[in-house]
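A short worksheet on the structure shown next.
Derivation of every value follows stated rules applied to the coordinates shown; laboratory data play no part. Every value quoted in this text rests on a predicted model; they were computed, and no experiment measured them. As a convention, Cβ positions derive from the backbone with ideal geometry for all residues, glycine included, and neighbour counts pool all protein chains shown.
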Amino acid sequence: MESPDKTERQPCAENGEMVIEVKGLKKKIGSQVILDGVDLSIRRGETMVIIGQSGEGKSVLLKHLVGLMTPDEGSIKIDGEEIVGVPERRMSAIRKKIGVLFQDGALFDSMTVAENVAFPLQESGIKKRQELLERVTHALSLMGLEAHMAKMPINISGGMRKRAALARAIITQPECILYDEPTSGLDPVVSDSIDRLILRMQKELCVTSIVVTHDMRSVQHVADRVAYLKKGKIYFLGTPEELRNSTDQVVQNFIQGVSENGNGSNSGVSNGVGLTPVSPQPN
Ligand SMILES: Nc1ncnc2c1ncn2[C@@H]1O[C@H](COP(=O)(O)OP(=O)(O)OP(=O)(O)O)[C@@H](O)[C@H]1O
Ligand SMILES: [Mg+2]
């Protein structure tokens, strides 16, 4: 995979300005408390990685950032603008600044790969066939998928669907990209190239990124800072180095994949499924 072109935006100054500010975010679904006061600020051009056990609410948190879920309490500011409670019309304008790779890829089954990737461009008002074709081909070539543009999603592999969804997330060159498990289900070589792509998007286009992942190798590759979501709150926030060197046993258990009964491999840290029965984590 090559780097994305950098025609549309200049690299940003590292001024530390906050681009996303989440304060006191609370969300209950039914009787289950999912988010219990999440505070998290992400600077312009920063790559924030969110880690946490399966079911802790990472995807729910991302959905709040694009207005697909509404919190019970709390505030979310994007570029200084409060998005909680804004009318849908305004929200869809804000959404245009944000590219999202959903965890399940969520391609439209009835459209070809190329049509899927073209969709956000068409939504943003680009209609010229030639321009659409050039930009779609470029985005798909970044993902090594240009030979598969005409196929339907059902006729490509799971990893290819993921890459097609990634092409769709970056095609409009958004200011901010949310990646929900961008490397899960991909082989190590493709995973590495996705990590490199995330880094290049940041360095060359000053994209602000939030990456949800279980892949600890990816954390070390792409993160400026890491947030560990646990029991509805940010339990740990720091650099990858601070994460590695943390003396907190709960943090160490998580990053080393140690389960409650002391065995490794089933905390949900790796891409695989643990061999020991999944049990609740220690507090
Ligand atoms: N639309 C929904 N309706 C009911 N419950 C939901 C809904 N969306 C999420 N949940 C619940 O919220 C909790 C958090 O889900 P979420 O998908 O955010 O977890 P996650 O941290 O992303 O997990 P994973 O690492 O497995 O992707 C889960 O218990 C899930 O069942
Ligand atoms: Mg998830």
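Look at the dipole of the chain built from charges on Cβ: of PHE236, GLN220, LEU35, the Cα furthest out on the positive end belongs to LEU35.
For the chain, give the magnitude of the charge dipole about the Cα centre (Cβ charges: +1 Lys/Arg, -1 Asp/Glu; no others), in debye to the nearest 20. If you can, show how the numbers build up before the last one.
Working: 34 positive and 36 negative charges, 103 e Å.
Approximately 500 debye in magnitude.
Report summary: the helix-based calculation at 222 nm, which adds -39500 (n - 2.57) for every DSSP H run with n ≥ 4 and divides by the residues of the chain, gives -9500 deg cm²/dmol. Here's how it looks for CYS206: its modeled amide H is under 5 Å from those of CYS12, which are all 5 or more places away or on a different chain.
Annotation: amide H of ILE234 within the under-5 Å range of ASP39, sequence separation 5 or more or interchain, hydrogens built in the peptide plane.
Each part gets one Cα centre, and for segment 169-243 versus segment 53-119 those centres are 16 Å apart.
In terms of overall dimensions, the chain has a Cα radius of gyration and Dmax of 18.8, 59 angstrom. With loop membership from DSSP and a limit of 15 other Cβ atoms within 10 Å, the longest segment of the chain without GluC sites (Glu not before Pro) is 18-259. 3J(HN,Hα) couplings calculated from phi for segment 232-244 with the Karplus curve 6.51 cos²θ - 1.76 cosθ + 1.60 (θ = phi - 60°) are, in sequence order, x, 9, 7, 7, 9, 9, x, 6, x, 5, 4, 5, 4 Hz; Gly and Pro show x. Taking Cα atoms only, the orientation of helix 158-170 departs from the longest principal axis of the chain by about 70 degrees. Ranked for footprinting exposure by Cβ neighbours inside 10 Å, fewest first, PHE108, PHE102 give PHE108, PHE102.
Proximity of backbone amide H atoms, modeled 1.01 Å from N, is registered between VAL49 and VAL211, ASP224, ARG225, VAL226, ALA227 at under 5 Å, excluding neighbours fewer than 5 places apart on the same chain.
Ranked by Cβ crowding within 10 angstrom, fewest neighbours first, how are ARG89, ARG200, ARG95 ordered? The partial results should precede the final answer.
On the way: ARG89 7, ARG200 17, ARG95 20.
The most exposed by this proxy come first: ARG89, ARG200, ARG95.
Spacing of the modelled spin labels on GLN252 and SER124, each 7 Å from Cα toward Cβ, amounts to 4.6 nm. What pairs from LYS77/LYS162; LYS63/LYS162; LYS203/LYS230; LYS63/LYS151; LYS58/LYS128 go past 26 Å between their alpha carbons? Over 26 Å Cα-Cα: LYS77/LYS162; LYS203/LYS230; LYS63/LYS151; LYS58/LYS128. Placing unit charges on the Cβ atoms only, positive for Lys and Arg and negative for Asp and Glu, gives segment 109-173 a dipole magnitude near 60 debye about its Cα centre.
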